[in-house]
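Novice: Can you keep this structure in mind? I'll have questions shortly.
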Amino acid sequence: MNGDTIRHKVKGEELPEFFKYIREQGAVTNDLVFVCIGTDRSTGDALGPLVGTMLSEMGYRHVIGTLESPCDASNLLRRLGEIPPNKVTIAVDACLGLPASIGYFQVANQPIYPGKSVGKTLPPVGSYSIAAIVNTAGPKQYWKLQSTSLYRVISMAKEIAAAVRSVFPV
């Protein structure tokens, strides 16, 4: 992962490589802010708050968006105001994709556009981003997120949190 713009679809076991890339750009653990987007009211969209909760429980200090205090469309602008200055922001969100892509992660050194798959226009988030492909895109996007496997979402959240811990230990 080198060059100007990266955007890769990776498996969970490849996530540490993405975090190593971020570390190679000069980031250290205390520089990071995780903006974990989603809501606990939709199985598929709970990925972000699950990751945020896991990272908080591991001891990461700068986490926005947990199960207790989600960062979602209703409060995104306000929550983005909580990002401390001069920090490296990593956005985490769930997304929908092709059937063959379910279970993969789209990683990039660019922001994520939350709510895009369900037709919302929200500000871009993050210097870096991870979009977990939790289900297939298609008609009735909200229904797809509502009917997404909780097991898949929790498994993918664990993969993200473990990858963070492996490269940026607290």
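The values are calculated or read from the model by the stated rules, or taken from the named source; none is laboratory data. It should be emphasised that the depicted structure is a prediction, and the values quoted were computed from it without experimental measurement. Cβ coordinates were reconstructed from backbone atoms using ideal geometry, including for glycine residues, and neighbour counts include every protein chain displayed. For the accessible areas, the whole protein counts, side chains as well, though only heavy atoms, and no ligand, DNA or RNA atoms are used. Shrake-Rupley method; radii C 1.70, N 1.55, O 1.52, S 1.80 Å.
Novice: Mean-square fluctuation check for the chain, GNM, Cα pairs under 10 Å: which of Gly119, Gly52, Gly44 is largest?
Specialist: For the chain, modelled as a Gaussian network with Cα springs under 10 Å, the answer is Gly119.
Novice: Determine the percent antiparallel among the DSSP beta bridges restricted to the chain, to the nearest 5.
Specialist: Values: 9 of 25 bridges.
Around 35 percent antiparallel, to the nearest 5.
Novice: Go ahead and estimate [θ] at 222 nm for the chain from helices alone: -39,500 (n - 2.57) per DSSP H run with n ≥ 4, summed, over the residue count, rounded to 500.
Specialist: Working: 5 runs with 51 residues, N = 170.
Computed mean residue ellipticity for the chain: -9000 deg cm²/dmol.
Novice: Return the carbon/sulfur percentage of the accessible area of the stretch 1-71, one whole number, probe 1.4 Å, all protein chains in place.
Specialist: Details: 1360 of 3460 Å².
Carbon-and-sulfur percentage of accessible area, whole number: 39.
Novice: Roughly how many Å² is the accessible area per residue of the stretch 93-152, as a whole number, for a 1.4 Å probe? The partial results should precede the final answer.
Specialist: Working: 3040 Å² over 60 residues.
Counting only protein heavy atoms, the per-residue value for the stretch 93-152 is 51 Å².
Novice: How long, wide and thick is the stretch 1-112, going by the Cα atoms along their three principal axes, in whole angstroms, largest first?
Specialist: Principal-axis extents of the stretch 1-112 (Cα, largest first): 37, 35, 25 Å.
Novice: OK, next. Just for the stretch 81-133, what percent of DSSP beta bridges are antiparallel, to the closest 5?
Specialist: Numbers: 5 of 11 bridges.
Close to 45 percent.
Novice: Counting other Cβ atoms within 10 Å of each Cβ, which GluC sites (Glu not before Pro) in the stretch 49-107 have at most 14 and sit in a DSSP loop? Can you show the working numbers first?
Specialist: Details: sites: Glu57, Glu68, Glu82; in loops: Glu68, Glu82.
Qualifying residues, ordered by number: Glu68, Glu82.
Novice: GNM on the chain, C-alpha springs below 10 Å: top fluctuator among Leu15, Leu77, Leu32?
Specialist: Result: Leu77 has the largest fluctuation of those listed.
Novice: Mind checking the stretch 119-170 for trypsin sites (Lys or Arg not before Pro) that DSSP puts in a loop (not H, G, I, E or B) and that have at most 16 other Cβ atoms within 10 Å? Walk me through the numbers on the way to the answer.
Specialist: Working: sites: Lys120, Lys140, Lys144, Arg152, Lys158, Arg165; in loops: Lys120, Lys140.
Answer by residue number: Lys120, Lys140.
Novice: In terms of Cα to Cα distance under 30 Å, which lysines are near enough to Lys120, apart from those fewer than 8 places away along the same chain?
Specialist: Result set, ordered by chain and number: Lys9, Lys11, Lys87, Lys140, Lys144, Lys158.
Novice: Please name whichever of Tyr142, Tyr104, Ser129 sits farthest to the positive end of the charge dipole of the chain, dipole taken about the Cα centre and charges placed at Cβ: Lys and Arg +1, Asp and Glu -1.
Specialist: Tyr142
Novice: Which shape class applies to the stretch 83-170: rounded if a/c is under 1.5, otherwise prolate when a/b exceeds b/c and oblate if not, where a ≥ b ≥ c are the square roots of the Cα gyration tensor eigenvalues?
Specialist: Numbers: a/c = 2.34, a/b = 1.34, b/c = 1.75.
The shape class here is oblate.
Novice: On to the next question. Work out how much length Thr136 to Ile6 would gain on full extension: take 0.36 nm times their residue separation and subtract the Cα-Cα distance, in nm to one decimal. Mind dumping the intermediate values first?
Specialist: Details: separation 130, 0.36 × 130 = 46.80 nm, distance 2.32 nm.
Computed gain between Thr136 and Ile6 is 44.5 nm.
Novice: On to the next question. Step by step: find N for the stretch 80-119, compute 2.2 N^0.38 Å, then divide the Cα radius of gyration by it. What's the final number?
Specialist: Details: Rg = 12.8 Å, N = 40, 2.2 N^0.38 = 8.9 Å.
Ratio of Cα Rg to 2.2 N^0.38 Å: 1.44.
Novice: Could you tell me which of Leu47, Ile22, His62 has its Cα farthest along the dipole of the stretch 14-166 towards the positive end, charges placed at Cβ (Lys, Arg +1; Asp, Glu -1), taken about the Cα centre?
Specialist: Farthest along the dipole direction, towards plus: Leu47.
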